1. Would you call residue 274 under 15 Å from the mean Cα position of the chain (by Cα) and in contact (Cβ under 8 Å) with a residue 24 or more places away in the chain?
2. What are the residues in the range 174-194 that are more than 21 Å from residue 142 (Cα to Cα) and crowded, with 19+ Cβ neighbours inside 10 Å, if any?
3. Being surrounded by 16 or more Cβ atoms within 10 Å (Cβ to Cβ), assigned by TED's automatic domain parsing to the domain that holds residue 359 and at pLDDT below 95 is the requirement here; does residue 257 meet it?
4. From (1) at pLDDT below 95; (2) under 23 Å from residue 399 (Cα atoms); (3) assigned to a loop (DSSP other than H, G, I, E, B); (4) in contact with a strand residue (DSSP E or B) (Cβ under 9 Å, 6 or more places away or on another chain), pick out the condition that doesn't hold for residue 5.
5. Would you call residue 205 more than 23 Å from residue 227 (Cβ to Cβ) and in a helix (DSSP H, G or I)?
6. Considering only residues that are surrounded by 10 or more Cβ atoms within 10 Å (Cβ to Cβ) and assigned to a loop (DSSP other than H, G, I, E, B), which ones fall in the range 233-254?
7. Of the residues that make up the range 233-243, is at least one within 24 Å of the chain's Cα centre (by Cα) and farther than 30 Å from residue 147 by Cβ?
8. Could you run through the range 319-329 and say how many residues are without any contact (Cβ under 8 Å) to a residue 60 or more places away in the chain, farther than 10 Å from residue 395 by Cα and buried (at least 18 other Cβ atoms within 10 Å of the Cβ)?
């Protein structure tokens, strides 16, 4: 159950797309009562009438009913006043308009409805360099259609590798680098991804404590719930497809895939650019609830007094009780994935019982480096360095409880910047 506020901003929010993140963002914003009105674009006809959209909004196979999300077990129906002709309804007293005509962002008439802030959750428009008049649609099309700011619920993906990130685009995670957003400069704002959000809350406390220079290497694997892009049953791959696993049934398989979390992490924590970082992803047949396994190699001070698990756990405890309070949770309970589904205000939930460290002395042979430098005037001797390998586990609800909640905070803060 979420705490209901009564602090509606005198601004309308536009949501483009009513998939998993779009729908749950609507839930979150209605529950938080952040906006005076919400306009949703689904871009196509849905079912036979507006009532079918209302039913889809009100019920969720993973999280139950919207009324229960807002009011707990006392909650009942919260969607009323449906007007088929106007495409309007009220959700817990907040006016919501549903548009069902245009898929191309530049054709969505945000200006007609007075929408200045748009959340694009379609996943179809992620390239900030694509011009607004692209016939296949572009994120910038929302600006041409009347929006002042556009928040993307995914990482930016620039298709042309010769192009760099535009100066009016920025990637931020609330509580990590939200101040990188400059209202006078940025109009396109990526809220990264669910995995990057969790990962940033795992990495930043360690960066703040040890410094980037002591982190010799890093890697992560996210064991991730299924997403809407995966198929229920096996099907033939599309023409030119390289990854045949994407066309295998998520109901029956553990599927290896990729993640852009490492690249996105460097955008929100630039210190990570100098650290070798590998990120991998494994999809499993659960509807939501994921975990990141982070492995770091730290240069230690001595073999006699090494970094131990208590030191790592205390770093997270202090962060959870201090600067990251309300967004980072430290627990020593023995959780399974369903325990954290729907848990609000949790970018990452550190599973302290599973933190592990191992310290050893490694012997570095610098002869290859000396050879690369030509060897002139350089004495090559063996060096012994104490290093500690650290393994940290963190849960996150990749849909409602973690990512959508953090995304909602980002959207609300940007709304405040344009009032």
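1. So residue 274 does not fit the description; no.
2. The initial filter retains those residues of the range 174-194 that are more than 21 Å from residue 142 (Cα to Cα), namely 174-180, 194.
Across the range 174-194, the qualifying residues are 174, 175, 176, 194.
3. Numbers: surrounded by 16 or more Cβ atoms within 10 Å (Cβ to Cβ): yes; assigned by TED's automatic domain parsing to the domain that holds residue 359: yes; at pLDDT below 95: yes.
Yes; evaluated as a whole, the condition is true for this residue.
4. Unmet for residue 5, out of (1) at pLDDT below 95; (2) under 23 Å from residue 399 (Cα atoms); (3) assigned to a loop (DSSP other than H, G, I, E, B); (4) in contact with a strand residue (DSSP E or B) (Cβ under 9 Å, 6 or more places away or on another chain): (4).
5. Details: more than 23 Å from residue 227 (Cβ to Cβ): yes; in a helix (DSSP H, G or I): yes.
Judged against the criteria, residue 205 is a match.
6. Residues satisfying the conditions are 233, 234, 235, 237, 241, 243, 248, 250, 251, 252, 253, 254.
7. First, the residues of the range 233-243 that are within 24 Å of the chain's Cα centre (by Cα): 243.
With the extra rule that they be farther than 30 Å from residue 147 by Cβ, the set shrinks to 243.
Yes, there is a match, as at least one residue in the range 233-243 is within 24 Å of the chain's Cα centre (by Cα) and farther than 30 Å from residue 147 by Cβ.
8. Of the residues in the range 319-329, 1 are without any contact (Cβ under 8 Å) to a residue 60 or more places away in the chain, farther than 10 Å from residue 395 by Cα and buried (at least 18 other Cβ atoms within 10 Å of the Cβ).
The values are calculated or read from the model by the stated rules, or taken from the named source; none is laboratory data. Source: prediction; values computed, not measured. Here the Cβ is made from the backbone with ideal geometry for all residues, glycine too, and neighbour counts use every protein chain on show.
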